1. Name the residue that is nearest to Asp62 (Cα to Cα), counting only residues in the stretch 259-278 that are touching a Pro at 6+ places or on another chain (Cβ under 7 Å) and free of Cβ contacts under 8 Å to residues at least 24 places away in the same chain.
2. Evaluate the stretch 250-258: report whether one residue or more is under 22 Å from Asp62 (Cα atoms), in contact (Cβ under 8 Å) with a residue 60 or more places away in the chain, out of contact with any strand residue (DSSP E or B) (no Cβ under 6 Å at 6 or more places or on another chain) and part of a loop (DSSP other than H, G, I, E, B).
3. Pull up the stretch 80-101, narrow it to residues that are over 23 Å from Leu164 (Cα atoms) and touching a residue at least 60 places away in the same chain (Cβ under 8 Å), then point me to the one that is surrounded by the most Cβ atoms within 10 Å (Cβ to Cβ).
4. Among the numbered criteria (1) touching a Pro at 6+ places or on another chain (Cβ under 9 Å); (2) at pLDDT 90 or above; (3) hydroxyl-bearing (Ser, Thr, Tyr), which one does Ser137 miss?
5. Considering only the stretch 14-31, I want to know if a residue exists there that is in contact with a Pro (Cβ under 7 Å, 6 or more places away or on another chain), within 22 Å of Arg124 (Cβ to Cβ) and not basic (Lys, Arg).
6. What's the number of the only condition in (1) under 28 Å from Asp97 (Cα atoms); (2) touching an Asp or Glu at 6+ places or on another chain (Cβ under 9 Å); (3) hydroxyl-bearing (Ser, Thr, Tyr) that Ser198 fails to meet?
7. When the stretch 198-228 is examined, which residues are found to be surrounded by fewer than 15 Cβ atoms within 10 Å (Cβ to Cβ), part of a helix (DSSP H, G or I) and in contact (Cβ under 8 Å) with a residue 24 or more places away in the chain?
8. Just checking: which of the strands (runs of 3 or more DSSP E) contained wholly in the stretch 17-90 hold 2 or more residues that are under 19 Å from the mean Cα position of the chain (by Cα) and among the polar types (S, T, N, Q)?
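The values are calculated or read from the model by the stated rules, or taken from the named source; none is laboratory data. Computed from a predicted model, the values in this text were never measured in an experiment. A quick note on method: Cβ atoms are made from the backbone with ideal geometry, for glycine too, and the neighbour counts reach across all protein chains shown.
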Amino acid sequence: MPATATDYIKANFKESIVSANGIMFARYFSVSDHYRSEAFINQNLINVVLKGEKQLHTKNGDIIVRAGEAFFLAKGEYVMSDKLEGDEYACLLIFFDDRVAGDMFAAMAPSETTGAAKNDGFFRVELTPCLKAATDSMLLLTEQKPKFTDELLLLKLKELMLLLLGSAQGSEFASYFKASMCGKANLRLFMNEHFTQSWNLEEFAKRSGRSLSAFKSEFAKIYQTAPMKWLWQKRLEKAKFLIEKGGLDIGEAAYRCGFKSHSHFTRMFKQSFGNPPSQH
């Protein structure tokens, strides 16, 4: 299984990190052309691209991000990325827990956190002059590591969130975290993180802190489909992604996505996508 994003950063860029209380700022860089990485996004992430460009392979398609741009990735996403040809790629990574965001949003007036639900887990962020100044100051924290870093991390993250709320993407950003403070979104995040586990429904319900009946009822309200139907389709989509974008062989992709039987995987794949996995 791929490493979590924060574990990978801590193992390889520990000198360029400041972290405390569910928040981490990190300067990430890569100098190798065509370098491919994959990671599970285990905390919410705002990525500010400082140099170069990279192609992200996500469940919603391929996306190119360049210097001077920023984007948001929700916790629970699985992403592969390729560094494109050219100079060094560098970015500022801002990781934070739902709890941290929830505490901040709960203290804001209801009118400040309105907007239509946003569930796809990704959107671009326009890097306005104010946002750029805020992220530049975060970058300085990773380099100089001043005293009172714990308090500064909270203040800088709150500054960033307030600026995002006032930006063109404010309604998208606010609606995601407004939803994350209620049970429905918590179940959504739980399922997105654990859908490859070969648990039965009773186990999914138990591990999510719900009775089986409450789990099924809440799941139906969120997804408008049966849990097992959603689970199999989600696993198939990730396996297809791993085969087409990750270059994995069929058996490895099936195993990673919770399929115990190669024949079962092949049969369901063909039913869902029209062709067997060998033709992808």
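1. Step one: of the stretch 259-278, the residues touching a Pro at 6+ places or on another chain (Cβ under 7 Å) are 266, 269-270.
This time we only want the ones that are free of Cβ contacts under 8 Å to residues at least 24 places away in the same chain, so: 266, 270.
Numbers: Thr266: 25, Lys270: 23 Å.
Applying the filter and picking the extreme gives Lys270.
2. Yes.
3. Going through the stretch 80-101, the residues over 23 Å from Leu164 (Cα atoms) turn out to be 80-89.
Checking the rest, the ones that are also touching a residue at least 60 places away in the same chain (Cβ under 8 Å) come to 80, 89.
Values: Met80: 19, Tyr89: 25.
The selected residue is Tyr89.
4. (1)
5. Taking the stretch 14-31 and keeping what is in contact with a Pro (Cβ under 7 Å, 6 or more places away or on another chain), we get none.
No, every residue in the stretch 14-31 fails to be in contact with a Pro (Cβ under 7 Å, 6 or more places away or on another chain), within 22 Å of Arg124 (Cβ to Cβ) and not basic (Lys, Arg).
6. Going through (1) under 28 Å from Asp97 (Cα atoms); (2) touching an Asp or Glu at 6+ places or on another chain (Cβ under 9 Å); (3) hydroxyl-bearing (Ser, Thr, Tyr) one by one, Ser198 breaks only (2).
7. Lys221, Met228
8. Values: elements: 17-20, 23-30, 36-40, 44-51, 53-58, 61-66, 70-73, 78-83.
Fully inside the stretch 17-90 and qualifying: 44-51, 53-58.
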